[in-house]
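Step one of this worksheet: look at the structure below.
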Amino acid sequence: MVYIFIFLNENINRMKHYLIDMDDTLYLHRGKLDYNKVSEDKRLSYLCQQCPHKKYIYTNATFGHADILLQKMKLTDHFKKIYSRDDKIIINDGYISSMKPNIHSAISVESSVNRNYKNEKNTFYFFDDLLMNLQTGKSRKWTTIWISPLFYEYKQYPYVDFAFPDMKIALEHLNKMDEFKNNI
């Protein structure tokens, strides 16, 4: 029994950071997007509010695109920052792509968060719909969460820790896990 308690509480003193992809992860549209059809999602807003962890958008979209979607969905206040393809990464006096699955993109985001929370033991939970992006996250020792209609196939992919059909179900599950751990 003691071993179970230690296992369940190993991350209690760690600060969790949720890195969440925008398109087809936080906002499902699976194809052409019409901004006029994007509206508030009260359930998603509630689940974000209930989640005690720092949340960030980590997207290959532009900052403007992610910002518009967050505003229309009325989720802006739930996110600390948007990491987008507009961010510049300098390596060896040159700019490189800040887009996923580039490993330097993941390192840059991780470093940015770590700079802001230096005294914390930071852990990263990465939500994305694309498996190749999750592979990069797993290589950084992030907990990976696949958001996909094919979520039930996740066991085929050793770099996927959890899988859900949509972000709301993912947050419901992870929020319940946090609540359970906090009540032990």
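Rule-based calculations on the coordinates, nothing more; no lab input. On a predicted model such as this, the values are computed, not experimentally measured, just so you know. Please note: Cβ atoms are built from the backbone with ideal geometry, for glycine as well, and neighbour counts cover all protein chains shown.
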As straight-line cross-link partners of Lys168, the qualifying aspartates and glutamates (C-alpha separation under 18 Å, not fewer than 8 residues apart within one chain) are Asp21, Asp23, Asp24, Glu40, Asp41, Asp77, Asp128, Asp129, Asp178, Glu179
Mean-square fluctuation maximum in Gaussian network of the chain, Cα pairs under 10 Å, restricted to Asn119, Asn36, Asn102, hits Asn36
Computed for the chain: size of charge dipole around the Cα centre, +1 on C-beta of each Lys and Arg, -1 on C-beta of each Asp and Glu, debye to nearest 20, value 320 debye
For the chain, whose charge dipole is built from +1 on Lys and Arg Cβ atoms and -1 on Asp and Glu Cβ atoms, the candidate among Asn60, Met132, Met177 with its Cα farthest towards the positive end is Met177
With x for Gly and Pro, the residue-by-residue ³J(HN,Hα) of the stretch 19-28, computed from phi through the Karplus equation 6.51 cos²θ - 1.76 cosθ + 1.60 at θ = phi - 60° and given in whole Hz, is 9, 10, 5, 8, 6, 6, 10, 6, 10, 8
Scoring the chain by relative contact order with C-alpha pairs under 8 Å, at least six apart, yields a percentage of 23 percent
